[in-house]
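Everything below concerns the one structure shown next.
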Amino acid sequence: MMEANGETKKEFVIPGDYIGVAEEYLPGEGAYEENGKIYATLVGNLDLDMTRRSASVISKTNVLPQIKEGDIVYGEIVSVKPQMVYVDLLALEGHADKKLSANTKARIYVSQTDKKYVKTISTEFRNGDIVRARVVDTQGDSIRLSTAEDSLGVIRAVCGVCKRTLGMKNEQEGKEGNLECSYCGSKETRKTADDYLKAKL
């Protein structure tokens, strides 16, 4: 949204969101440049300063109440193991403009991935994917999550070859290779949410 002075543009972004080109802006705090494009590294408000020609992400500092069972959260996949993935939590649904406090580490086990049987979790999630999940357990040193609902799962996937955002293929082609990279042509499978690439925090 353009501010009244016409100099600053602000909107909400999550890690991996495209926010501009290096020809127009310099990456500031919470942003990085790759192949001439600028992407967000934080959850927060995008601050495009037209005067200084800089693109930054301003992270929120308000503290949330403790995450509880049943909450819907957003996170980034940071490590994929044979039977689980590790997730860095980014935001709590309904409070995406506030910074998470306390424990922000979580796990999704293969048994909590989908309603159907999943043999290998690495076919459903990859490092860098952004997911929406439900909190099923908050005990111990890591929160346990589930994506075994149609509305839960990957909301933005990263190509395993070139690291760009994957697009959804024609739904009639089925689950196998349900995502495709428009840049390098890689076809990949994920446990996607039903609003893949349309999700709003």
Quick note on Met50, Met84, ordering by fewest other C-beta atoms within 10 Å, gives Met50, Met84
In whole Å, largest first, what are the principal axis extents of the Cα atoms in the stretch 72-188? 40, 32, 23
Given Lys68/Lys200; Lys37/Lys200; Lys81/Lys187; Lys81/Lys191; Lys105/Lys169, the pairs whose alpha carbons are separated by over 24 Å: Lys105/Lys169
The stretch 8-59 - convex hull of the alpha-carbon atoms, volume per residue in Å³: 53 Å³
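Any read-out appearing in this document is the output of simple, stated calculations on the displayed coordinates, not a laboratory observation. As the structure is a prediction and not an experimental result, all values here were calculated from the model. Glycine also receives a Cβ, built like all others from the backbone with ideal geometry; neighbour counts cover every protein chain displayed.
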